[in-house]
Amino acid sequence: MSATLTHAHAAAASHPGPDLPPAASAAALSVRLLRTPEERLDISHLRQYADSRSEYEVDPGMASLDSIKDALGLVMAFSAGDEVIATLRVIPSGHGVTLTERWWGGFVNDRALLRAGSWEVGRLVMAPEHRRKDLLPRFMGMGLACLLENAHVVHMHATCHMAMTRLYRRFGFGIHSKRVHGEIDCALIHGPVDQVARALKVVQVQDAPESAEPVLLQ
């Protein structure tokens with residue numbers, strides 16, 4: 001589901017991919033925010049790999065919210081040297097546009113997941129030729145550090161297939177709730193930000209004030 005971590009992580013875990021060329025070494029990795037529609041054109045070649053269909057099957061209304069989620073959320077581009085090789089989008093709760101709010105609402109035991117300070121992790125997409133298992137924690141750590149610099153974060157959550165929950169435990173997420181869609185067992189995973197930061201070895205310094213809230217300009 002593309003409002004989740006599932007697509008990129010599953011693909012990378014099953015397809016280790018070739019070694020990165022020297023220009024794409026770990027030392028050359030960087031992340032930046034794409035704040036405007038024009039800047040987000042830099043990741044248009046990656047978004048074709050996002051598993052949006054699964055999300056739309058669960059909630060068809062999500063298809064019309066994509067640009068709103070871009071505007072409300074933080075869209076990141078990960079580069080190896082000058083080449084953009086991955087992207088991640090995180091979306092704040094409290095605006096009614098996350099899958100957690102729309103599809104999991106009645107299954108959420110901790111209502112704080114549905115309020116300000118809670119962020120849905122989704123759409124981590126990697127270029128097929130750069131999918132490597134060891135890049136996942138790097139991108140997750142870089143993404144978390146970027147998020148903490150720009151937003152107030154208390155909780156992080158996402159949707160995934162039950163089979164993938166073991167992988168996400170490595171990143172500090174646990175199963176919050178379970179639900180079946182058709183023949184697919186789904187899980188809502190949740191991690192308090194301090195727990196996720198420890199798992200990803202990210203120093204938890206929040207530069208954004210607690211009152212910082214994304215605003216959708218009309």
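The values are calculated or read from the model by the stated rules, or taken from the named source; none is laboratory data. Since the model is a prediction, treat every value here as computed from it, not as a measurement. Cβ coordinates were reconstructed from backbone atoms using ideal geometry, including for glycine residues, and neighbour counts include every protein chain displayed.
In table form, for the structure just shown:
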quantity: Residue satisfying all of: in the stretch 34-71; touching a residue at least 60 places away in the same chain (Cβ under 8 Å) and not in a helix (DSSP H, G or I); farthest from P128 (Cα to Cα) among these; calculated: A50
quantity: Unmet criterion (only one of (1) assigned to a loop (DSSP other than H, G, I, E, B); (2) free of Cβ contacts under 8 Å to residues at least 40 places away in the same chain) for H95; calculated: (2)
quantity: Every residue from the stretch 72-91 that is more than 19 Å from L148 (Cα to Cα) and not in a strand (DSSP E or B); calculated: G81, D82
quantity: Selection status of F107, of a type in the set (A, V, I, L, M, F, W, C) and loosely packed, with under 15 Cβ neighbours inside 10 Å; calculated: yes
quantity: Given (1) farther than 17 Å from R89 by Cα; (2) at pLDDT 90 or above; (3) among the acidic types (D, E), number of the condition D207 does not satisfy; calculated: (2)
quantity: Qualifying residue in the stretch 6-27 (condition: surrounded by 14 or more Cβ atoms within 10 Å (Cβ to Cβ), at negative phi and modelled with pLDDT of 75 or more); calculated: no
quantity: Complete set of residues in the stretch 144-168 that are at pLDDT below 95 and charged (D, E, K, R); calculated: R166
quantity: In the stretch 155-178, the residues that are of a type in the set (A, V, I, L, M), surrounded by fewer than 22 Cβ atoms within 10 Å (Cβ to Cβ) and touching an Asp or Glu at 6+ places or on another chain (Cβ under 9 Å); calculated: M162, A163
quantity: Matching residues in the stretch 112-129 - criterion: being surrounded by fewer than 18 Cβ atoms within 10 Å (Cβ to Cβ) and either assigned to a helix (DSSP H, G or I) or within 11 Å of the chain's Cα centre (by Cα) (or both); calculated: A112, P128, E129
quantity: Flag for S64 being modelled with pLDDT of 75 or more, surrounded by fewer than 16 Cβ atoms within 10 Å (Cβ to Cβ), within 25 Å of H181 (Cα to Cα) and of a type outside the set (A, V, I, L, M); calculated: yes
